[in-house]
1. If you take the beta carbon distance between A:Glu229 and B:Ile337 as r and set R0 to 60 Å, what does 1/(1 + (r/R0)^6) give as a FRET efficiency, to the nearest 0.05?
2. Over segment B:71-122, what per residue volume does the convex hull of the Cα atoms give, in whole Å³?
3. Would you kindly calculate the translational diffusion coefficient of the protein assembly as shown, applying Stokes-Einstein with the Kirkwood radius from alpha carbon pairs, for 25 °C and a viscosity of 0.890 mPa s, and quote it in µm² s⁻¹ without decimals?
4. Between rounded, prolate and oblate, where does segment C:222-285 land on the alpha carbon gyration tensor, with a ≥ b ≥ c its root eigenvalues, rounded for a/c under 1.5, else prolate if a/b exceeds b/c?
5. Run the quick spin-label model on C:Asp97 and A:Glu56: label points 7 Å from Cα toward the beta carbon, then report their separation in nm to one decimal.
6. For chain A, take the longest principal axis of its alpha carbons; what is the angle in degrees between that and the long axis of helix A:234-243, to the nearest 10 within 0 to 90?
7. Given H placed on each backbone N at 1.01 Å, which residues far from B:Val247 in sequence or on other chains put an amide H within less than 5 Å of it?
8. Given segment A:39-111, what count of lysine pairs have C-alpha atoms under 15 Å apart, with each pair 8 or more places apart or on different chains?
Protein chains: 4
Amino acid sequence: MKNIGINGYGTIGKRVADAVSCQDDMKIVGVTKRSPDFEAMTAVEKGYDLYISAPERESQFEEAGIKVTGTADELFEKLDVVVDCTPGGIGAKNKTDIYEKIGLKAIFEGGEDHDAIGCSFNAESNYEENLGKDYTRVVSCNTTGLCRTLKPIYDLAGIKKVRAVMVRRGADPGEVKKGPINGIVPSTEVPSHHGPDVQTIIKDINVISMAELVPTTLMHMHNVMVELENNISTDDVLDAFENAYRVIKIKKSLGIDSTAAIMEYAKELDRSRGNMYEIPVWEESVNVQDGELYYMQAVHQESDVVPENVDAIRALLELEEDYEKSILKTNKAMGII
Amino acid sequence: MKNIGINGYGTIGKRVADAVSCQDDMKIVGVTKRSPDFEAMTAVEKGYDLYISAPERESQFEEAGIKVTGTADELFEKLDVVVDCTPGGIGAKNKTDIYEKIGLKAIFEGGEDHDAIGCSFNAESNYEENLGKDYTRVVSCNTTGLCRTLKPIYDLAGIKKVRAVMVRRGADPGEVKKGPINGIVPSTEVPSHHGPDVQTIIKDINVISMAELVPTTLMHMHNVMVELENNISTDDVLDAFENAYRVIKIKKSLGIDSTAAIMEYAKELDRSRGNMYEIPVWEESVNVQDGELYYMQAVHQESDVVPENVDAIRALLELEEDYEKSILKTNKAMGII
Amino acid sequence: MKNIGINGYGTIGKRVADAVSCQDDMKIVGVTKRSPDFEAMTAVEKGYDLYISAPERESQFEEAGIKVTGTADELFEKLDVVVDCTPGGIGAKNKTDIYEKIGLKAIFEGGEDHDAIGCSFNAESNYEENLGKDYTRVVSCNTTGLCRTLKPIYDLAGIKKVRAVMVRRGADPGEVKKGPINGIVPSTEVPSHHGPDVQTIIKDINVISMAELVPTTLMHMHNVMVELENNISTDDVLDAFENAYRVIKIKKSLGIDSTAAIMEYAKELDRSRGNMYEIPVWEESVNVQDGELYYMQAVHQESDVVPENVDAIRALLELEEDYEKSILKTNKAMGII
Amino acid sequence: MKNIGINGYGTIGKRVADAVSCQDDMKIVGVTKRSPDFEAMTAVEKGYDLYISAPERESQFEEAGIKVTGTADELFEKLDVVVDCTPGGIGAKNKTDIYEKIGLKAIFEGGEDHDAIGCSFNAESNYEENLGKDYTRVVSCNTTGLCRTLKPIYDLAGIKKVRAVMVRRGADPGEVKKGPINGIVPSTEVPSHHGPDVQTIIKDINVISMAELVPTTLMHMHNVMVELENNISTDDVLDAFENAYRVIKIKKSLGIDSTAAIMEYAKELDRSRGNMYEIPVWEESVNVQDGELYYMQAVHQESDVVPENVDAIRALLELEEDYEKSILKTNKAMGII
């Protein structure tokens, strides 16, 4: 039973905490928070020991009636691995300022740069590369989404070039300060950074991406166009997605006609927090034409990376040598289809 | 163990099905659907027997691979009570065309007119009135929300007049065809129908309401101004809400700063489908000034009426004489705070 | 021909510049900008001399190809009145740090506090009070909207108490960084500050307000409930609004069913920038019942205060003693109905 | 002076009416409406003779105080060309049922199928083909947008294949009944119909498109990827866009960072109804890399086709043989850059 801590119990952190808690080879020793808010309060109610990263704020937690077990530094001493879910850029600082100094293995999220961490992780694509490493980075929700569906195609038919347009959600569901309310905000740097980020996982794939923000909070959407090396049929692709890990086919014909309907579907599946850990691909959109594959998929930015974090813990601690065994173990514990 | 059926397994119907399923004095015998969509599919996966209201569509269900147990009429024969969650206006037709003919007790939802059903229901306010009735109507999400907080104030201090402005969500989270996308749509009929609807429950209360639609899917919001008969303090009101059933006080100071944050909070509570059965009232907004009480509350349109439906079943079947016992029993089974 | 300058050529400033330009007793000598953006570029293209408030940025304007005439300080020397449309709070600083020192009369906007400026302005309500003053503040879009319709009712029937719920737009149309995208954000301070702000204009009126932000960019919406001193009819109110300045009655029956439709209507009127300077009141919503008046109005936050700024200039410079003459002169020049 | 009528004075029709009105070789004889709404009212106020397409509704117009000049049939008799801006699909019916019978030349909009009309129109691309024709169809806003920027690239460097992802607005600004409010709605038919529609104009171009709806009302956004026949540089493309008709380059560095900012920019240009007739391309997004051109452009769905309608009238009536002369004449009269 390995001891895991979450540094930053926010959107991703709290989900990773729950995912770790339902595994049988690791457990949550504690989580950290900076502010005494409702997430801190419910963390304690759920039974997580709460450690605070800004010790001078202890009185604020007290006033809010939220029990504090200790400081973040005290937590780190008890851990085999810390999962750092702090806001982008802070993780890299924590690595040099804290984790390296005390010799603590750490997993970072997609907000950190690959170069700052030195290694990146996607369970299906490069688990082995991460075995025994001290530090790795679970790639962002978008990169994870692309890896999940591109890897099986890459293995099946080879890929000449991928063109992906990522229509991104403007803010997470609980965030009310960020926009846009009405408008589309392009990333005018073209190609965007998403393509190269896939290459930190699947080395020799050529991915060109364009991206924009739109006024929705639920999911990102990917329009994917894949020039294939070898000819395959639409059915071959559907079979590949059927057999891929953490990819599900959804049907517009069953009323799953939008990202909003996917979130509704996730609620029907009784997922914790309405999570959709898998990458849903619209079956009707999958089409191979003249040697090029087209498909549309959605990405639940709050949760698709969550099972990856569990697998990354196993890889760093060498709890499991085989990526498929880890994936299946994680999936089973989390109820992933 | 009473036999309950759901006619119309949609937004409300599916939640009532789950709420009934976790009670120990009633069970779901079956649910009905018209279309073979993902809700029908997951209903079967969850173990509900599915009956179809449009028998001619049986082949469509078959093609979609969704198991059908029988027709709606076959279901009705097995029931002690049907909960009719069909779209507004259809319930009244079903009452005269079906339920009255076969002598089946039925509960309707707020989309039906009080006059068409003859009786209305809110557990905290008029449970006794509904004991043994054949038909009743659980009032709408908005009316339920008003009754929940007004009843304790009414009992405590008397009410001269209520003015309520209801800022309503434009569509439910899964609906993508309804707007507005950008704009506010007033109900120019002033006062709106919401005030009189409260009077179907609390007879001699004077409620004037104004309403508008805004581009959000999560919750309604109520701005409530109550002219009091007798003087009470802000603390008296906070105490009354503390002791009220299915009302919770929330704090902006804990980061619950919006309806979006309430929904996030509900996810932390691990509620099925992210439901918020209680009426959350912002503690900071509660204020008594010059004999008038002001407060702001939110209403989760998808779920606040769900526990009421359970209590209404008990009232109609006289499973429980005392409203508080029914409420507590329902709450406990559903994990309501 | 008085010399007017605009300090802060943004959402309000650029509209005031255009409104001043179409008067025959005042002209724009120059406008100031901090950043070399498209507003600065089009200001110059429209013929306004551009002065920069951050002189060290001159080279940035040069690089962007935007002609700079001088510094803000150089502009101020040429003016009879400056209209300060800088972001909230900066105006008060400019008053003490700049305008008072050089003896320049100034008009501020609703983002400043009444106490910091010492006087507030609404053309219909307190023009005379502002005659010859050195400094005044045109009250905010919301306060202006309330004054426009409450003043005629106050004069006609007396007012015991006003209750107003302001459903506010989350961001202006061109702002994409501010939310909420999906959610309602209450001002939990109840009553909100809007009520007292009306009293800076109509001294002895009792206005209680509640407010929230919603995900729209177009207009605010006011739900107004007025307890009357004397009995009047709905028709009396409609007549009063007919005769009020800068108030228009709109009809849902003509398809003006939302704030979005009002903005569409303003486009049909060929208003500059789609402005709606008047306060539109939904005719169908106006209703007097049991001594209380109810109505719904919308407020175009970008433009309703614009004609007020023109009148305020006339009051400060005593160009016109009579408020009605100023209003009519301004209205005629701007094409206000 | 040719006599033009507009059948269907709505979003497109009213803009075409105004555009025709500012030309010196054609004039508006009348416009038709079905319902007595604010558009009908302002049409008359602007001086357009109003004809009604549902004669039985004349009394409704009278009650609303809107002057009716006659019936649609009476209007058609006076015309050289009718511009049919009725909802999609109705135009094709009008062609066979009315216009062909009375021998009236007609222009249709992009909601009609190419095959039903027999000819399609884009001023820059195939004006000559339309000379003297009886019927043509101005292609949709999206197709027009693609033609505007692809034609100059096609002429300059040849095109192997175009991949375009169209992120579409959910509803027009004045429409409040259509969604989505929060969610992305994919067109799961991939490739979408937009690509083939370009081929009705530029015959041998290979365009593959994917499309989705998002919760915004302002503009569509196109992500365009063009595999080139011949090598050209990014600067060559920028020059080609500089010289293209009805294409403008916009800069994020000047604060035009979103479709919302483009609409704000259009307001600064004092365009009627805030129209943006040109296709704005983000200069920073234009990039040629490894023989492929990438760029992002926006499309103002309400107005980009408006000048095309004017040119189409000239082509059908052979008022001008040369497409460039027509374009320049139209542009000058409308103030297009």
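Derivation of every value follows stated rules applied to the coordinates shown; laboratory data play no part. Not measured: the values here are computed from a predicted model. Every residue, glycine as well, gets a Cβ built from its backbone with ideal geometry; the counts of neighbours run over all protein chains shown.
1. Values: r = 57 Å, r/R0 = 0.96.
Efficiency for this residue pair is about 0.55.
2. Working: hull volume 4.0 nm³, N = 52.
Hull volume over Cα atoms, normalised by residue count, gives 77 Å³.
3. Values: Rh = 33.6 Å.
D = 73 µm²/s.
4. On the way: a/c = 2.44, a/b = 1.97, b/c = 1.24.
Since a/c reaches 1.5 and a/b is larger than b/c, the shape of segment C:222-285 is classed as prolate.
5. 2.7
6. Rounded to the nearest ten degrees, it is 20.
7. Hits under the 5 Å cutoff: B:Ile279.
8. Details: A:Lys46/A:Lys67; A:Lys78/A:Lys101; A:Lys78/A:Lys105; A:Lys93/A:Lys101; A:Lys93/A:Lys105; A:Lys95/A:Lys105.
The number of close lysine pairs in segment A:39-111 is 6.
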